[in-house]
Amino acid sequence: MSRLRNLKEIDISYSYNIELPRGFGKLPNLESFIFLNNNCKYLSDEIGNLKNLKYLNLEYNNLQELPMNIGNLKNLNELALTYNKELSSIPESIEKLQNLEVLNMRYLNITEFPESITKLKNLKELYFTNNKLTSIPKEIGNLSNIQVIYLGDNKIQSIPKEIGNLQNLKQLNLMRNNISSLPDEMGNLQNLETLILSYNQITSIPSTFGNLKSLKEIILWSNKIETIPESLKELGAAIKI
């Protein structure tokens, strides 16, 4: 395989218990590597040698861990890890992926929000649903370029006020958690268009939500909310209770 030096894409999918071929880390021009649904438990650290890789899809496997040198993939734009239900942590080295724009981590087994993710300055989309998260770190406010955050179907109990720093955020999904209150600072999300808070324990909506001038839709089904602030009603957004 190392002779295929000009190869740009590899798709090895739906091959039960297949092992990665030796030498796949010696493909200097590889940009897309799809290794989908192969029941793979461990990934060779050769992956860290693919310095020009932009897209890495490892979804629907049985990964137990990721190689520490995954942080060497400095040109990676998108990393897909969905449905690796035994994966309970990610290496701290992921913080080195400063060109990463899309991170998909649905249906893993992670209990703590990795601080390393909050250091991905160019991250635009984070999909982190169906895990076992109980909290969101205040450092999430450092994701200055983030536009989409999906954290639904976890066990999150509160939202840090620093989330109000995310001035480029357009979509925020926090459905099916254990959230009981919302910080006033969420009213600072000037570009927020869609906010999904259904199936929580929320009792009231801050009046600052009236400042969400870009809001098009807010979904509040199955909470404990009795009244909606007039300031929010005046926005003209679709309010679903």
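The values are calculated or read from the model by the stated rules, or taken from the named source; none is laboratory data. Please read all numbers here as calculations on a predicted model, not as lab measurements. We place every Cβ from the backbone using ideal geometry, glycine too, and count neighbours over all the protein chains shown.
When I228 is evaluated against the numbered criteria (1) surrounded by 13 or more Cβ atoms within 10 Å (Cβ to Cβ); (2) touching a residue at least 24 places away in the same chain (Cβ under 8 Å), which criterion, by number, is the only one it fails?
The single condition I228 does not satisfy is (2).
Can we say L172 is under 23 Å from E101 (Cα atoms), in contact with a Leu (Cβ under 8 Å, 6 or more places away or on another chain) and in contact (Cβ under 8 Å) with a residue 12 or more places away in the chain?
In short, yes.
Within the stretch 69-108, track down each residue that is closer than 20 Å to K132 by Cβ and among the β-branched types (V, I, T).
T82, I90, I94
In the stretch 44-88, which residues are part of a loop (DSSP other than H, G, I, E, B) and either under 21 Å from L4 (Cα atoms) or of a type in the set (F, W, Y) (or both)? Before you say what the answer is, go through the steps one by one.
Step one: filter the stretch 44-88 for residues part of a loop (DSSP other than H, G, I, E, B), giving 44, 50-54, 58-67, 73-77, 81-88.
Across the stretch 44-88, the qualifying residues are S44, L50, K51, N52, L53, K54, Y60, L73, N75, L76, Y83.
Only one residue in Y60, Y16 is within 23 Å of the chain's Cα centre (by Cα) and aromatic (F, W, Y). Which one?
Y60
Give the stretch 65-124 a look and list any residue that's touching a residue at least 40 places away in the same chain (Cβ under 8 Å) and β-branched (V, I, T), or say none.
T82
Can you tell me which residues in the stretch 113-143 are of a type outside the set (V, I, T) and under 21 Å from T208 (Cα atoms)? Quick ask: steps written out before the conclusion?
So the first thing to find is which residues in the stretch 113-143 are of a type outside the set (V, I, T), and the list is 113-116, 119-128, 130-133, 135, 137-139, 141-143.
Passing the criteria: K138, G141.
Report, by residue number, each residue of the stretch 89-106 that is touching a helix residue (DSSP H, G or I) at 6+ places or on another chain (Cβ under 9 Å), in a loop (DSSP other than H, G, I, E, B) and within 17 Å of Y55 (Cβ to Cβ).
Of all residues in the stretch 89-106, those touching a helix residue (DSSP H, G or I) at 6+ places or on another chain (Cβ under 9 Å) come to 90-98, 100, 103, 105.
Still in the list and also in a loop (DSSP other than H, G, I, E, B): 90-91, 97-98, 100, 105.
Hits for the stretch 89-106 are L97, Q98, L100, M105.
Quick one: S214 ticks every box in (1) surrounded by fewer than 16 Cβ atoms within 10 Å (Cβ to Cβ); (2) over 25 Å from the mean Cα position of the chain (by Cα); (3) modelled with pLDDT of 90 or more bar one, so which box is it?
It fails just one condition, (2).
If we keep just the residues of the stretch 107-119 that are hydroxyl-bearing (S, T, Y) and assigned to a loop (DSSP other than H, G, I, E, B), which is nearest to the chain's Cα centre (by Cα)?
Y107
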